[in-house]
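Visitor: This is the structure I have questions about; it appears just below.
The values are calculated or read from the model by the stated rules, or taken from the named source; none is laboratory data. Every value quoted in this text rests on a predicted model; they were computed, and no experiment measured them. So basically every Cβ, Gly included, is an ideal-geometry build from the backbone, and we count neighbours across all protein chains shown. In case anyone asks, the SASA skips ligands and DNA or RNA and just uses the protein heavy atoms, side chains included. Shrake-Rupley method; radii C 1.70, N 1.55, O 1.52, S 1.80 Å.
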Amino acid sequence: MARFEYLEARTLRQAISLCQRHGDQARLVAGSTDFLVRWRLGNWRPQYVINIQRIGSLRRVSYSARNGLRLGALVTVETLQNHPEIRRRYPALAVAAASFAGVQVRNLATVGGNVCNASPSGDTLPALLAFDAQCRIVGPSGERWAPLDQFFTGPGSTILQAGEILAELRLPPPQAGSG
């Protein structure tokens with residue numbers, strides 16, 4: 001197995017800076033559920049691994065009737081399954097999360113990781129697409145928003161540019177009578 005240097009970002013700004021500094025030689029991780037498999041198989045061989053798990057602002061979940069649901073990229077799949085507001089207002093997302101691997105993986109896997117892997121079989125992606133999720137992308141040039149249906153450019157490929165990080169997903173308030 002290839003060796004890598006482990007780096008840890010504690011703020012979003014620090015993570016962006018590390019991504020800029022190390023470019024294509026770096027890989028972001030949080031839950032690491034896919035990273036370890038791909039690294040062991042030799043599919044990913046980063047020289048630097050940047051752990052963003054300690055960036056607390058990326059773990060937030062909030063709901064308001066006006067703005068809808070806000071999910072930080074580090075919200076775990078287990079949280080998607082069990083959060084009362086998600087279960088009540090976005091039940092398809094809670095059900096999708098419940099079908100995601102086993103409880104041990106759900107406790108580690110993040111919604112941002114599931115989205116950024118851009119896998120055609122991503123468990124949470126159909127529900128997020130159905131609820132018209134928007135992506136907040138933060139990078140060296142600032143912040144931008146993109147609809148989730150435009151975030152993917154192909155299997156395993158996204159619109160993220162060098163140094164950019166998916167920071168948040170926002171789902172509009174559900175329409176009356178929807179589920």
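Visitor: Quickly estimate the mean residue ellipticity at 222 nm for the chain, helices only: each DSSP H run with n ≥ 4 gives -39500 (n - 2.57), and the total goes over all residues, rounded to 500. Working shown, then result.
Guide: Values: 9 runs with 60 residues, N = 179.
The per-residue figure over the chain is -8000 deg cm²/dmol.
Visitor: Name the residue farthest towards the positive end of the dipole of the chain from the options 156, 119, 28, assuming +1 on Cβ of Lys and Arg, -1 on Cβ of Asp and Glu, about the Cα centre.
Guide: 28
Visitor: Could you tell me the calculated FRET efficiency between residue 4 and residue 175, based on Cβ-Cβ distance and R0 = 45 angstrom, to the nearest 0.05? Present the calculation step by step, with values, prior to reporting the outcome.
Guide: Working: r = 46 Å, r/R0 = 1.02.
Rounded to the nearest 0.05, the efficiency is 0.45.
Visitor: Considering only C-alpha atoms, what is the centroid distance from the range 54-68 to the range 96-122, in Å?
Guide: That distance is 18 Å.
Visitor: Right, next: Please calculate the 1.4 Å probe accessible area of residue 165, with all protein chains present, and give it to the nearest 10 Å².
Guide: 0 Å²
Visitor: Could I ask something else about it? How much area per residue is accessible in the range 1-75 when the probe is 1.4 Å and only protein heavy atoms are counted (Å²)? Intermediate results must be reported in sequence, preceding the final value.
Guide: Numbers: 4640 Å² over 75 residues.
That works out to 62 Å² per residue.
Visitor: What FRET efficiency do you get for residue 11 and residue 99 if R0 is 35 Å and r is their Cβ-Cβ distance, rounded to the nearest 0.05?
Guide: Efficiency, rounded to the nearest 0.05: 0.55.
Visitor: At what distance in nm do the modelled label points of residue 47 and residue 62 sit from each other, each positioned 7 Å from its Cα along Cα→Cβ?
Guide: That separation, rounded to one decimal, is 4.0 nm.
Visitor: In addition: Could you order 78, 5, 168 so the one with the most accessible surface comes first? Probe is 1.4 Å.
Guide: On the way: 78 35, 5 95, 168 10 Å².
Putting 78, 5, 168 in descending order of accessible area: 5, 78, 168.
Visitor: Specify whether the C-alpha gyration tensor of the range 90-129 places it in the rounded, prolate or oblate class, a ≥ b ≥ c being the square roots of the eigenvalues: rounded for a/c under 1.5, otherwise prolate if a/b is larger than b/c and oblate if not. Before the final figure, lay out each step's value.
Guide: Details: a/c = 1.76, a/b = 1.07, b/c = 1.65.
Verdict is oblate for the range 90-129.
Visitor: For the range 1-112, compute Rg over Rh where Rg is the Cα radius of gyration and Rh is the Kirkwood radius from the inverse mean 1/r over Cα pairs.
Guide: Details: Rg = 15.8 Å, Rh = 15.2 Å.
So for the range 1-112, dividing Rg by the Kirkwood Rh gives 1.03.
Visitor: With +1 on each Lys and Arg Cβ and -1 on each Asp and Glu Cβ, and nothing else charged, work out how big the dipole of the chain is about its Cα centre, in Debye to the nearest 20.
Guide: Details: 20 positive and 12 negative charges, 78 e Å.
For the chain, the charge dipole is close to 380 debye.
Visitor: Specify, per residue and in Å³, the volume enclosed by the convex hull of the alpha carbon atoms belonging to the range 42-179.
Guide: Values: hull volume 16.8 nm³, N = 138.
Hull volume over Cα atoms, normalised by residue count, gives 122 Å³.
Visitor: In whole percent, and with a 1.4 Å probe on the protein chains, what portion of the accessible area of the chain is carbon and sulfur? Please list the in-between numbers first.
Guide: Values: 4440 of 9510 Å².
Carbon plus sulfur share of accessible area: 47 percent.
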